[in-house]
Every structure is written in structure tokens, then in C-alpha cells.
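S.K.: Please read through the structure below; I'll follow up with questions.
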Amino acid sequence: MSAVVPIALVLIILIPVAGIVIGARRRKKVVAGLSQTAAYAKQRGWQRTEPDRQITQRSLLLYQATGSAVLNIQIQFAGQHRGLAFQAAQVARPPSPQRPTAQWISVVYVPRPVPGPRLQLAEQKLSTATFLQRDTQIGDPAFDAAFHVSAEDANFARTVLHAGLTGALTQDARAQQSVVAFEQQHLFALQHGELTPHNLQAMLDLLVDIHSSVPWQSVGSPGQF
């Protein structure tokens, strides 16, 4: 019995210390990753900018992914890619007593030419992006099997997600790894995890491809839908 008490005391001391050490290593890894992404952005001619303090108001995706409106923007970039302006950010949900592990989210967003109904697509599986969300069927069996579509207006969704675009997205690993949303003023792509050169470039190219494939002239009137 007497030996149990010292062991318990040692554990009480060691567990918090281990947590501090693991946390320090994790922070060091995050900083190194941010430096690598910043170097990649600089090489591409993109600028590091001030954090977009309105980012959580621009898209529901961040709250959907984290369940929190209290988020830290750890790094933000802006630039031009294939003729389109964009912004990208790494966002963190800090630890809390209820959720002691930090969470990282990567987002890229580009301007939406015409405001309109909200539309979101995500991989067809149970996730924070699909939970309790009605799945709108587009009419392309392969696409409908691969993606869950949340739409404020089904007609708008079917106009935007035409056969050419749904066929391309069904074969696109970038789309399957991201959640994409048509928000009021922007198109957003989100992935869980830190912002790396790879997922930054993948989400950016995905959004530019979607942007160039949408028949904006057919959805040009905000009151059309």
C-alpha cells in the first residue's frame, strides 16, 4: 500500500509534464509547417496579409467544421492564380476544457461573381458537413453517389452543377478531399488539417476550375431563384 502512494504521486506529476512536452513539440511542428507554406507562397508571388477578421461571417464552413465561433487565424495569404484573386488561411480552434485538443482547418476562397442561394458539396459520408443536412439529388447517378449536396434551392444547384461539372468532380480527388461551398460573396474550399503547399494548391486549383465551369450568365439575376 505504501508503494502505491509514491507511484500515484509520480503519475500526477508526470502526466501534466508529458502533456506540456507533447504540446511544445506540436507547436514546433505547426510553426515549421507554416514557414514552409509561407516560403511556397512567396515563391509563387503571393502575399502574406493581415488576418481576415470577418472570415467566420463569410462562410458557415468554419463553424460547421469546428463547432466554435472562437477561432484563431494563424496565417493568411492573398494573391492571383490563373487570373482569379484568392485568399487562403490556416485557422485554429484553441483547446478548451471541453475539447482539450486543438484543431486546425485550411480554407481557400475566391470571389463569387453573382450572389445567390447557398450551395455546399461534400463527400457522401457522415461528417460535420453532412450531419442533419438534406441531400439534394442532382440527377447524375455517379455524382449523387459520390457527393452530398446541401442546397437552399434545388433548381439553382442543378443549374450550377451541370453534367460537365458533375462528371469532372466525380473523377476529381481534390473535390472528394474538400468541402466546397457557394457562399453569398465567395466560393470556399475547406480541408481539415494544417495549410500545406499541397492542399493550398489543390484547393486553389479546384476552386478556379469550378469557378470557370459555372454558367454564371445563367444565374446572373439574384432574384432568379
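S.K.: What is segment 47-218's relative contact order, in percent, from Cα pairs under 8 angstrom and six or more apart in sequence?
M.R.: 24
S.K.: How much net charge surrounds Arg134 when only the other residues with a Cβ under 15 Å from the Cβ of Arg134 are counted, with Lys and Arg +1 and Asp and Glu -1?
M.R.: With Lys, Arg at +1 and Asp, Glu at -1, the neighbours total -2.
S.K.: Let me make sure I get this right: for segment 27-67, a, b and c are the square roots of the gyration tensor eigenvalues over alpha carbons, sorted descending. Under 1.5 in a/c it's rounded, otherwise prolate if a/b > b/c, else oblate. Which is it?
M.R.: oblate
S.K.: Which whole number of Å³ per residue matches the convex hull of the alpha-carbon atoms in segment 53-167?
M.R.: Once divided by residue count, the hull of segment 53-167 is 128 Å³.
S.K.: To the nearest Å, what is the center-to-center distance of segment 90-106 and segment 158-225, using C-alpha atoms only?
M.R.: Result: 26 Å between the Cα centres.
Read-outs throughout are calculated quantities, based only on the coordinates presented, and are distinct from any laboratory measurement. The structure displayed is predicted, hence computed values, not measured ones. Cβ atoms come from the backbone with ideal geometry, glycine included; neighbour counts cover every protein chain shown.
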